[in-house]
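Engineer: After the structure tokens below, expect a handful of questions from me.
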Amino acid sequence: QVRLVESGGGSVQPGGSLRLSCEVSGIIFSWYSMGWYRQAPGKQRELVASITSEGSTNYADSVKGRFIISRDNAKSTVTLQMNSLQPVDTAVYYCNLQTLGFWGQGTQVTVSS
């Protein structure tokens, strides 16, 4: 059974940082690309960042230079380090196992003064 469990969301002031983690079980994690998506109220879910099995990364223009995606294959974990957060980053963030299409339950990130 494939499971994706996210952690690390919360509330932060503008300019602050948060670190999201997603632990994956039920697959050979190192074989698969992983992604982080987010969905703000009233908006479509959008890709924030992705990382291939080889470690190549891709970012949405809106987060380039502020967010960093990484993976630890030994721990079957993908992480999203979010810096210089702004109110527009407020959303529910989801971990995604790409190709197979599995999703985590989501974690709320709120950026507000």
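Engineer: Which ranges mark the strands (runs of 3 or more DSSP E) fully within region 45-113 that have 1 or more residues being open to solvent by less than 70 Å² (accessible area, probe 1.4 Å) and free of Cβ contacts under 8 Å to residues at least 60 places away in the same chain?
Structural biologist: Details: elements: 46-51, 57-59, 67-72, 77-82, 91-97, 107-111.
It comes to 46-51, 57-59, 67-72, 77-82, 91-97.
Engineer: Go through (1) surrounded by 14 or more Cβ atoms within 10 Å (Cβ to Cβ); (2) over 17 Å from TRP103 (Cα atoms) for CYS22 and report which single condition fails.
Structural biologist: The number of the failed condition is (2).
Engineer: Pairs please, first residue from region 7-24 and at pLDDT 95 or above, second anywhere and among the aromatic types (Phe, Trp, Tyr), Cβ atoms under 8 Å, 6+ apart in sequence or on different chains.
Structural biologist: LEU20/TRP36; LEU20/TYR93; CYS22/TRP36
Engineer: Residues of region 9-44 being in a loop (DSSP other than H, G, I, E, B), among the small types (Gly, Ala, Ser) and over 16 Å from the mean Cα position of the chain (by Cα), which ones?
Structural biologist: Applying the first criterion (in a loop (DSSP other than H, G, I, E, B)) to region 9-44 yields 9, 13-17, 26-28, 32-33, 40-44.
From what's left, among the small types (Gly, Ala, Ser): 9, 15-17, 26, 33, 40, 42.
Passing the criteria: GLY15, GLY16, GLY26, GLY42.
Engineer: Can you confirm whether GLY106 is within 14 Å of the chain's Cα centre (by Cα), under 24 Å from SER25 (Cα atoms) and not aromatic (Phe, Trp, Tyr)? Before you say what the answer is, go through the steps one by one.
Structural biologist: Numbers: within 14 Å of the chain's Cα centre (by Cα): yes; under 24 Å from SER25 (Cα atoms): yes; not aromatic (Phe, Trp, Tyr): yes.
Spelling it out, GLY106 is indeed within 14 Å of the chain's Cα centre (by Cα), under 24 Å from SER25 (Cα atoms) and not aromatic (Phe, Trp, Tyr).
Engineer: Taking the residues in region 25-44 that are modelled with pLDDT of 95 or more and of a type in the set (A, V, I, L, M) as candidates, determine which candidate is most open to solvent (accessible area, probe 1.4 Å).
Structural biologist: The qualifying residue most open to solvent (accessible area, probe 1.4 Å) is ALA40.
The values are calculated or read from the model by the stated rules, or taken from the named source; none is laboratory data. Not measured: the values here are computed from a predicted model. Backbone-built Cβ (ideal geometry, glycine too); neighbour counts: all protein chains shown. Just so you know, the surface numbers come from the protein's heavy atoms only, side chains and all, with ligands and any DNA or RNA stripped out. Shrake-Rupley method; radii C 1.70, N 1.55, O 1.52, S 1.80 Å.
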